[in-house]
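Okay, structure first, notes after.
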Ligand SMILES: [Zn+2]
């Protein structure tokens, strides 16, 4: 007799682990950038294995090409493009540029 674990349970566990890995990546970045890169890789692998999607926030925290953990002002340049309503992230480690749609929040639509 084998005990069955529901896939949802696995997914839930995986999601939590991924979140922890990203937190760790952020904490380790200052001292060990290469270690945070490893955490990002692990988080990605776990997401693929358990079919868990990374949140948009998570995706914006690493480079899709070299998987470096991205820290704005350190190894990443962030630009918002109002005309295209997108956020442009440039990885300064490998130069890869990724664009993300910029979601306007209601109520913050002030013109500066
Ligand atoms: Zn990169």
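Could you look through the stretch 12-31, keep only residues that are over 12 Å from the mean Cα position of the chain (by Cα) and surrounded by 14 or more Cβ atoms within 10 Å (Cβ to Cβ), and pick out the one that is farthest from residue 68 (Cα to Cα)?
13
Give me the pairs, please: first residue somewhere in the stretch 85-99 and at negative phi and touching a residue at least 24 places away in the same chain (Cβ under 8 Å), second residue anywhere and more than 14 Å from the ligand (Cβ to nearest atom) and in a loop (DSSP other than H, G, I, E, B), beta-carbon distance under 7 Å, and either six or more positions apart or on two chains.
The qualifying pairs are 87/102.
Read the figures in this text as sums done on the coordinates, not as results from a lab. Just so we're clear, the structure is a prediction, and the values are computed from it rather than from any experiment. Every residue, glycine as well, gets a Cβ built from its backbone with ideal geometry; the counts of neighbours run over all protein chains shown.
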